[in-house]
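Notes to accompany the following structure.
The values are calculated or read from the model by the stated rules, or taken from the named source; none is laboratory data. Just so it is clear, the structure is predicted and the values come from calculations on it, not from any experiment. Cβ coordinates were reconstructed from backbone atoms using ideal geometry, including for glycine residues, and neighbour counts include every protein chain displayed. Note: accessible area is taken over every heavy atom of the protein model, side chains too, but ligands, DNA and RNA are not part of it. Shrake-Rupley method; radii C 1.70, N 1.55, O 1.52, S 1.80 Å.
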Amino acid sequence: MSGSGDRTDDTAPLDEALVDTVRRTGASAGGVYVLDEAAPVLGLAVMCGVPEEVAWPWRRLALSDPVPVSDAVREDRLVWVGSQGDLARSYPRAAASLPYRFSLAAAPLPGAGGCRGALLLLWPASHPSHATPRERDHITSAARRIARVLDDTAAPAVAPDRPRLVPADAAARPHAGQSPQAAVDYAERLPEGAVSLDLEGRITFLNTTAASLLGLDAGRLLGTRPWQSLPWLDDTIAEDYYRTAVISRDPVAFSALRPPGTWLRFHLYPDSGGISVRITRTTAAERSRTAAPARAAPLTGTVSAGTAQAGRLYQLVHLAAALTEAVDVHDVVELIAHQVLPAFGADGLVLSAADAGRLRITGHHGYDQQTIERLDGLPLDTDVTPAGQVLADGTPSFFASPDEMARHYPTAPKISAKKAWAFLPLIVSGRPVGCCVLSYNRPRVFSADERAVLTSLAGLIAQALDRARLYDATRDLARGLQQALLPRSLPDLPGLETAARYLPASHGMEIGGDFYDIIRVDAGTAAAVIGDVQGHNVAAAALMGQVRTAIHTAAGGPPDQVLARTNRVLADLETDLLVSCLYAHIDLSRQEAVLASAGHPAPLLHRPPLPPHLMEIDPGPLLGIPADVPYPAAVLPLTPGTTLALYTDGLVERPGTDIDQTARELARHLAAPDGQSLDLLIDSLLHHARPTAHYTDDIALLLLRCADGPWFSEDVDARP
């Protein structure tokens, strides 16, 4: 899907469903995001009620982005933001680029095969800051209706590059059917200027008085934006008033000087179809009574001289906020490729970092692999491309055409088919950290405003890249430590199949205290253990290694004694961290397992032909709590096909849900088709528990399955 003109018979039901939802809920604007599971990203498919440029920075969102839409999908809940203050507290990045008064709701779209995306609705500033229970029900019901529309489409779920813009439903106008000429005659008789703008800010009508006051013929103004066709109105604040009217639906008034000495007063009255503008002459006394207020809510004020556009400035603020939240180098590259490139109309990206005297490419977009291989590893002082000179003097270079590039660097245009380039040095505290190249498929003249914004953006990219490289190095070290502490492989035991997974939290250092192990005691006996050390840092990982060693030393004894001995070891270590642990002693010759828990989640159990369920086991105290309290043991008969799932709480812990109920729901998926391997089963469990790659906690999962083997006799104990 692309622009607003690409509506088809396939897309019409979704467009109509959105417009109907906006009308029924009383919202001023809305949009539907489609979840692209392959990415995974959320793409804005269709929108109404706001200009495309306002929604442009938000047209593609990663599921991990700290914004209401991503939270709604990731956490499967309705997100309500009642005011600008609430937005600033919960989502400061969004508030920085949308400093207007409005309320919003984001709701997941629960489709037949899982979440299909999200519904976003905006209300004007006059809307109460709290949503009533009935209003919340209406929003979630609307989300379900839109999800059904998406389910009925045969097209695959692909996040579009550009949303469709559909008009809001204005069929209920009380003047519908009346003569349009009568309205024109009425406007012509007014003693003041009357102008109509659409939601994109373009002039769709103006009377003769308005043309006279603005100083241009109507033919030269129709279809243009006032701040673009009138040089004396080309000011950040003027555009900001328009954006305030569109988003907040607040009446807005401001004054502006039309050279050489005529002051005009503009009154903006917005609704779902556009903005009506009333223009009058004003006096100095009137202007003094309406001095410009704080920019967070520009309801009245005076326009002064300026050049930068509000949209461009907010775009820069948005990109700056996003860059501060980019964690690793991949995040930085993705953000530049999907937000910076479209914002500046670029088609290609090469991001390189200074490493041992050379420019190593850390990310690219819009180039073939052969070109990237030619550019990778160039020395810092290279003269093949402008990158070396740009890094040497710290000054950006802009080339509007291949001829201009060839005059300075004859071989550079031959490297790729690009036609224009912006080479931006990445400097941090006077130290070159790399170079960012934006390229274009057509010749392009870079305006002074665009050069200034790109130069400012380069400094932000440099800091983000430097920070991300440090994070990547720290994460690699943490991963190495984590992998060294976890078992490299599980032992082979006749009659017992095993599989395990460890997933670190998706934020932070990606190191924690979750652990698992299978310990071979003798030819027919083994111990299975899983545990979770409190915390997500090096201290937690180090203690995890000590706990594993203590359990290895005591393994083979009764489970309650193994946990008691390990608890005494933790007491001797005098650690402040607590550990949950589940220990299972598996005796294949006796066809049974004995389990004991130290405050750990109960395992999932499937013993065919009985349905899977959450096993009942009485937990003892957490390890690390000095207490002479026994650890109750539970005996589990083992039959061929019995499957046991041991896991840490990160698998089933979700905000606002009961952990045991979540575990019971997950247990239903433990029943695997005949012949399915444990590796496929464990992947299926992880997918149902965590359909996205966003984890707030570490996850360890260990599966055990009893199979026919030398330890099983024909007379199998079938105790329930």
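The table for this structure:
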{"quantity": "Unit charges at the beta carbon, dipole of the range 404-494: most positive-side option, 405, 459, 448", "calculated": "405"}
{"quantity": "Angle between the chain longest axis and helix 310-325 axis [Cα atoms, degrees, rounded to 10]", "calculated": "10"}
{"quantity": "Among 659, 684, 84 the positive-end extreme of the charge dipole of the chain (Cβ point charges)", "calculated": "84"}
{"quantity": "For the range 12-62: rounded, prolate or oblate by the Cα gyration tensor [a/c cutoff 1.5]", "calculated": "oblate"}
{"quantity": "Sulfur and carbon atoms: percent of accessible area, the range 458-499 [1.4 Å]", "calculated": "53"}
{"quantity": "Net +/- balance of residues flanking residue 581 in space, Cβ distance below 15 Å, scoring K and R +1, D and E -1", "calculated": "-4"}
{"quantity": "Nearest-20 debye value, the range 339-452 charge dipole, Cβ charges on Lys, Arg, Asp, Glu", "calculated": "100"}
{"quantity": "Around residue 52: net Lys/Arg minus Asp/Glu count, Cβ-Cβ under 9 Å", "calculated": "0"}
{"quantity": "Proximal charge balance of residue 440 [Cβ under 11 Å; K/R count +1, D/E count -1]", "calculated": "+3"}
{"quantity": "The chain - charge dipole about Cα centre, Lys and Arg +1 at Cβ, Asp and Glu -1, debye rounded to 20", "calculated": "2720"}
{"quantity": "Rounded Å value of the spacing that divides the Cα centres of the range 77-139 and the range 262-281", "calculated": "29"}
{"quantity": "Candidate values [x] 1.00; [y] 1.19; [z] 1.09, label of the one derived for Cα Rg over 2.2 N^0.38 Å", "calculated": "[y]"}
